[in-house]
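Peer 1: So that we are looking at the same thing, I have put the structure below in structure tokens.
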Amino acid sequence: MRELTVNATYVFVVLVAIVMTQFIVRLIGQASSGALPTDGLLPLVGFRLIGQLPPLMVIAVFISTLLTLSRGWRDSETPIWMSAGQSLVAWIRPVLTFAIPLLLVAASLSLFLSPWAEKKSVEFRRILDARDDLAVLAPGLFQERRRDKQVFFIESTDLVRGNIKNVFVFADDPNGAWVTRAREGRVIQDEQGDRYVVLDDGKRVRRSGANAALNEYELASFARYGIRMNAAEVKNDPLEERATDTLALVDRGTPSAYSWLFYRISVPLAGLFLALLAIPLAYVNPRMGRSLNLIFAILLLMITLNLMNIMQAKISTESIGFYSALFLFHGVLALFVFGFYYRRYRGAISLWPWQRASAFSSASKP
């Protein structure tokens, strides 16, 4: 149990580090392009990580069980276990004692906490999209505000004074497009709560009117010029199924809702079968090493997770029913686990004392 716990901790930490790195790199790319403010990186990474914890815990349980029992074969501890009159199936009890508490936590995360984290992530992104300050503007990049049909460009920022330097603004106004350039600017808020970008020491060029000729422009210089930032409302659109509570999915009853319900239920159940499958997969020939066996086990893990995603997609397209998919996927997985036990140990799965000796002799044959 101690070795299983240590291995599971190491594997889980490595998986979390890999997933967090992927999320951070992806969000930093969005922040560098100006699509996401930098102060929104850590909350989004935290929400996304919580949503990915259930499958990571299942993978950690499977790999840690595989590594621990493989060491027993490699160091000849399992043959000694069998020669002492113990059946290999006796490994099921300590493995399940270790795996079931973790899988119950994974089930709680999958059914309740992960949807909450996805919901908070969507709501937080909507709040960030509705922000009307220049926090999303990155120096050296052209940033479009589609709501106002404006394009901003700033050369640099003064973090001490809170100003922006060398500002360029282009706006597609119905009365004629205009271009403004200023030496510096800042964001202020008046007594009514309206927000403005105030530009200092600049010039403005605009078309004389919507029907003006191509070469008719108006040129003006200004000491101070304010551009109102229209307030944006936070979107209140219906949440996607992945961010919907489990009970709400049951009430909704759509194929897409049932597909996500299948996924949330299948993750911990598949983890239980994978933990049992790790016992026969842990067999290692000491003369050949364990690399090939580990590769095969990881391949089976990937196939299982991909089949789960395929069944989820089939439910969403109404190619198969929810209960049929649930029974088919887990039924086939259970049969596969039983068949692997029988093939690996050639019937050495009995718990009866008088059959253990014959089980060991048959399992020890090449």
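The values are calculated or read from the model by the stated rules, or taken from the named source; none is laboratory data. Keep in mind the model is a prediction, meaning the values are calculated, not measured. Every residue, glycine as well, gets a Cβ built from its backbone with ideal geometry; the counts of neighbours run over all protein chains shown.
Peer 1: Of the numbered conditions (1) among the basic types (K, R); (2) within 30 Å of T244 (Cβ to Cβ); (3) modelled with pLDDT under 85, K119 satisfies every one except a single condition; which is it?
Peer 2: For K119, the exception is condition (3).
Peer 1: Would you pick out the residues in the range 315-337 that are part of a helix (DSSP H, G or I) and touching a residue at least 12 places away in the same chain (Cβ under 8 Å)? First the steps, then the outcome.
Peer 2: Of the residues in the range 315-337, the ones part of a helix (DSSP H, G or I) are 315-316, 322-337.
Correct list: I315, S316, F322, A325, L326, L328, F329, H330, L333, A334, F336, V337.
Peer 1: Quick one: would you say A17 is among the aliphatic types (A, V, I, L, M) and under 13 Å from the mean Cα position of the chain (by Cα)?
Peer 2: Working: among the aliphatic types (A, V, I, L, M): yes; under 13 Å from the mean Cα position of the chain (by Cα): yes.
In short, yes.
Peer 1: From the list I50, I28, I59, I63, which residue is over 24 Å from M302 (Cα atoms), touching a helix residue (DSSP H, G or I) at 6+ places or on another chain (Cβ under 9 Å), part of a helix (DSSP H, G or I) and among the β-branched types (V, I, T)? Give the steps one after another, and end with the answer.
Peer 2: Numbers: I50 fails: over 24 Å from M302 (Cα atoms); I59 fails: over 24 Å from M302 (Cα atoms); I63 fails: over 24 Å from M302 (Cα atoms).
Among I50, I28, I59, I63, only I28 is over 24 Å from M302 (Cα atoms), touching a helix residue (DSSP H, G or I) at 6+ places or on another chain (Cβ under 9 Å), part of a helix (DSSP H, G or I) and among the β-branched types (V, I, T).
Peer 1: So, S114, is that one surrounded by fewer than 16 Cβ atoms within 10 Å (Cβ to Cβ), in a helix (DSSP H, G or I) and of a type in the set (G, A, S) or not? So that I can check it myself, show each step before the final result.
Peer 2: Values: surrounded by fewer than 16 Cβ atoms within 10 Å (Cβ to Cβ): no; in a helix (DSSP H, G or I): yes; of a type in the set (G, A, S): yes.
Against the criterion (surrounded by fewer than 16 Cβ atoms within 10 Å (Cβ to Cβ), in a helix (DSSP H, G or I) and of a type in the set (G, A, S)), S114 does not qualify.
Peer 1: Right, another one. Which condition number does F23 fail, the rest of (1) more than 17 Å from L301 (Cβ to Cβ); (2) surrounded by fewer than 16 Cβ atoms within 10 Å (Cβ to Cβ) being met?
Peer 2: (2)
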